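Q: Questions regarding the structure given below will be posed in turn.
The values are calculated or read from the model by the stated rules, or taken from the named source; none is laboratory data. None of the values given here were measured: they were computed from a predicted structure. A quick note on method: Cβ atoms are made from the backbone with ideal geometry, for glycine too, and the neighbour counts reach across all protein chains shown. Ligands, DNA and RNA are stripped out before the accessible areas are found, and what is left, the full protein with its side chains, is counted by its heavy atoms. Shrake-Rupley method; radii C 1.70, N 1.55, O 1.52, S 1.80 Å.
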Amino acid sequence: MMVSVALLMLGALTAVLGPRLLARAEWPDREPVVALWAWQCLVAAVILCCALSMTLSASAAWQAVRGQVFAGAPHGVMEAYALQAAGPWAAATAVTLALGGVWTAAMLTREIVRARARRRQRRAELVVRSPLLPGEEPGGDRLVVLEGERPDAWWLPGAAPQLVITTTALRRLKGRQLDAVLAHEQGHAQARHDWLLHCSGALAAGFPQVPVFAAFRDEMHRLVELAADDVASRRFGRLTIALALVELNEHRGVFGPCAVPQAEVPARVNRLLSPLPRLTAGRKLRLTAVSALVPLVPLLVTFIPGLRALG
């Protein structure tokens, strides 16, 4: 039963140390795609620790679960886990972790339902503000222009994704800046960044007292923008997308001394105008491989007693 405790301790240690190590690293801003992968692996490891601990705790508490988990296991494997010696807290641990899993699924479902409702509302508003002309097919245009006093542009995902942009933004964006904005939003759509935001938002909303999930949500919002900036800059240049960001956000006061919700925009512009050297392919491969190994550690901890029993 010590394996279940070890998994909980490993999960807590990963949740505490992982975000600190990533925050101190100098490479996430240089390689946001690799950083996105590292964060996903870190959170997956924490969740896997909880899931495996729940499974072993339930096996220790109830014979029926034990029979299903260790069905077909060689002789001596189940005894190696010392499940019979578990105290009454095993059932409480299993139930608590199971409720946490159910709560996570409920939060994710709520997040997806709310996102779809917001999307439907935006499409309904779009139909009102930009009605179809006679003979025009709904959703046929990838670019939709709206009358608006503020420069704004956003990607509307769905079966027929569209880039919505206001007339003021069109007047401000010069040359290839509009193409860069389109490439930026397409980068979000192609990488399915909306799912990363849904999952991180669900975990942070469901467990507001767990700092790793709040950091996961904040970093996902920041890193997906950096990754989309890189997609646009590779096609149209860093200066082009930086100027487009300035034109679209200058009216919001983000470049002033006061804190605003879009306070990360100046940092994005500075990153584009003063780029740091990209990591070598070898270092990116090593970081990706090391990150992928993090979720394997809970599996290794779980299987060590069984492997020892097999000799």
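Q: Picking from Val69, Val102, Val95, which residue would you name as being of a type outside the set (Lys, Arg), at pLDDT 80 or above and touching a helix residue (DSSP H, G or I) at 6+ places or on another chain (Cβ under 7 Å)?
A: Val69
Q: Take the residues in region 215-235 that are open to solvent by less than 30 Å² (accessible area, probe 1.4 Å), of a type in the set (A, V, I, L, M, F, W, C) and free of Cβ contacts under 8 Å to residues at least 60 places away in the same chain; name whichever of them is nearest to Leu22 (Cα to Cα).
A: Top of the filtered list is Ala228.
Q: Restricting attention to helices (runs of 4 or more DSSP H) lying wholly within region 1-96, give those where 3 or more residues are more than 18 Å from the chain's Cα centre (by Cα) and free of Cβ contacts under 8 Å to residues at least 24 places away in the same chain.
A: On the way: elements: 2-24, 32-61, 63-69, 77-80.
The qualifying helices (runs of 4 or more DSSP H) are 2-24, 63-69.
Q: Does Val212 satisfy the condition of being in contact (Cβ under 8 Å) with a residue 12 or more places away in the chain, open to solvent by less than 30 Å² (accessible area, probe 1.4 Å) and not in a helix (DSSP H, G or I)?
A: no
Q: Here's another thing I want to ask about it. Touching a Leu at 6+ places or on another chain (Cβ under 9 Å), closer than 30 Å to Leu173 by Cα, open to solvent by less than 20 Å² (accessible area, probe 1.4 Å) and touching a residue at least 40 places away in the same chain (Cβ under 8 Å) - does that describe any residue in region 236-246?
A: So far as region 236-246 goes, yes, one or more of its residues are touching a Leu at 6+ places or on another chain (Cβ under 9 Å), closer than 30 Å to Leu173 by Cα, open to solvent by less than 20 Å² (accessible area, probe 1.4 Å) and touching a residue at least 40 places away in the same chain (Cβ under 8 Å).
Q: When region 187-209 is examined, which residues are found to be part of a helix (DSSP H, G or I), modelled with pLDDT under 90 and of a type in the set (S, T, N, Q)?
A: Matches in region 187-209: Gln190 only.
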